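The values are calculated or read from the model by the stated rules, or taken from the named source; none is laboratory data. Because the structure is a prediction, the values reported are computed rather than measured. Cβ placement follows ideal geometry from the backbone for every residue including glycine, while neighbour counts extend to all protein chains displayed. Accessible surface is based on the protein model in full, side chains and every heavy atom, while ligands, DNA and RNA are left aside. Shrake-Rupley method; radii C 1.70, N 1.55, O 1.52, S 1.80 Å.
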Amino acid sequence: MGIEEKQDDSRWFTERADEAGMGLQLRIRGKLHEEQSDFQFLEIYETESFGHLMVIDGFVMLTERDNFVYHEMMTHPVLFTHARPRQVAIIGGGDCGSLREVLRHDTVDSVTQVDIDERVTRLSEQYFPELCESNNDPRARLLFDDGIEWMRQAPDASLDVIIVDSTDPVGPGEGLFNRAFYTQCYRALADGGILIQQSESPLLHLDLIQSMREAMSNGGFDQLHTLQFPQPTYPSGWWSATMARKGDQGLEQFRRGDAAKRRFPTRYYSAEVHAGALAMPPFFCQAMAR
Ligand code: SAM
């Protein structure tokens, strides 16, 4: 198809990744909601083929159609890597999709989710109710506060797993990508504990991934491993999450038998997908070795 001379822009949502010289478009039926919260600009659209779409400060957060890949990969690999995850914290994650997946694990005794913006959760309850279906689980505690400050106050060695399900490193999410934050995460994790954080696109954001990994190491973490998975509505359609462990055990071994015999439904995650996601392509390994 050639360049369209005339395009009806009013029927398309566009996210431009200017630095990459590319963009994503989703055809929309209409805008369902918009508001400026105390922290960010929130929009909800109804798209033609991806269901409801949540956008924060112009960036796609999630769609009904493809969020399962992201939420399953932000949770099940790290929870099946830890020997016995009991105490979990989610920083960000206000749409509650990661929370729902964490609560599927019966080893988990408690999950504290700390999102700075309560409005994200309220909009998710309204427009993505299936993601919020476990919010009343007695093991879940939802706090609306700055995750950076919360982590500073967390008692030493009190957590087994920390999931940083944040916006990009701009706005309120910026301070979730630096050494000071990782130092606090390291302190708050028990020995063997694991942090996982969404780490943007392996194709577009190698420098950011490298500097995140360096900051994690400088924050004290002993082992690092980046996972990859597809995410059609994020820039380049290819996304990553980086795990960092306190302690010597590697991150390539996981409870494969438990993952294979899991007693809950998944749509993307499986033991085989987990093993495949750990394999990183040569260009990525070369860039990380620089
Ligand atoms: N999966 C999404 C992505 O990568 O685009 C992230 C989704 S989740 C909605 C991101 C959440 O991070 C938002 O709800 C935002 O309010 C929250 N957030 C940003 N900065 C934060 C901070 N400093 N403390 C706690 N939550 C924060």
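Does segment 152-159 include one or more residues that are in contact (Cβ under 8 Å) with a residue 40 or more places away in the chain, more than 12 Å from the ligand (Cβ to nearest atom) and surrounded by fewer than 18 Cβ atoms within 10 Å (Cβ to Cβ)? There is at least one residue in segment 152-159 that is in contact (Cβ under 8 Å) with a residue 40 or more places away in the chain, more than 12 Å from the ligand (Cβ to nearest atom) and surrounded by fewer than 18 Cβ atoms within 10 Å (Cβ to Cβ). Select from segment 22-66 the residues that are out of contact with any helix residue (DSSP H, G or I) (no Cβ under 7 Å at 6 or more places or on another chain), of a type in the set (G, A, S) and outside any strand (DSSP E or B) and list them in ascending order. Correct list: S49, G51, G58.
Among the residues of segment 182-197, how many are within 13 Å of the ligand (Cβ to nearest atom) and buried (at least 23 other Cβ atoms within 10 Å of the Cβ)? If you could, list the steps in order and put the result at the bottom.
Initial filter on segment 182-197 (within 13 Å of the ligand (Cβ to nearest atom)): 184-185, 196-197.
Those still in the list that are buried (at least 23 other Cβ atoms within 10 Å of the Cβ) too: 185, 196-197.
Summing the residues that are within 13 Å of the ligand (Cβ to nearest atom) and buried (at least 23 other Cβ atoms within 10 Å of the Cβ) in segment 182-197 gives 3.
Of all residues in segment 35-72, count the ones that are surrounded by 15 or more Cβ atoms within 10 Å (Cβ to Cβ) and among the acidic types (D, E). Break it down into steps so the answer makes sense when it comes.
Here is the first cut: in segment 35-72, the residues surrounded by 15 or more Cβ atoms within 10 Å (Cβ to Cβ) are 37, 39-40, 42-47, 50-57, 59-72.
Now drop any that are not among the acidic types (D, E), which leaves 43, 46, 57, 64, 66, 72.
Number satisfying all stated conditions: 6.
Scanning segment 207-233 for residues that are touching a residue at least 40 places away in the same chain (Cβ under 8 Å), part of a strand (DSSP E or B) and more than 14 Å from the chain's Cα centre (by Cα) returns a single hit, H225. Checked against (1) more than 26 Å from F41 (Cα to Cα); (2) aliphatic (A, V, I, L, M); (3) out of contact with any helix residue (DSSP H, G or I) (no Cβ under 9 Å at 6 or more places or on another chain), V69 passes all but a single condition, namely (1).
The residues listed here are F128, F144; of these, the one that is open to solvent by 50 Å² or more (accessible area, probe 1.4 Å) and of a type in the set (A, V, I, L, M, F, W, C) is F144. Examine segment 117-128 for a residue that is within 12 Å of the ligand (Cβ to nearest atom) and touching a Phe, Trp or Tyr at 6+ places or on another chain (Cβ under 6 Å), and state whether such a residue exists. Yes: one or more hits.
Between A259, A275, A289, A279, the distinction of being free of Cβ contacts under 8 Å to residues at least 24 places away in the same chain and surrounded by 14 or more Cβ atoms within 10 Å (Cβ to Cβ) belongs to A275 only. Taking segment 15-34 as the search range and keeping residues that are loosely packed, with under 12 Cβ neighbours inside 10 Å and over 29 Å from L203 (Cα atoms), which one is nearest to the chain's Cα centre (by Cα)? Across segment 15-34, the extreme among qualifying residues is E34. Of everything listed in (1) without any contact (Cβ under 8 Å) to a residue 24 or more places away in the chain; (2) of a type in the set (D, E); (3) within 22 Å of S240 (Cβ to Cβ), the single unmet condition for D168 is (1).
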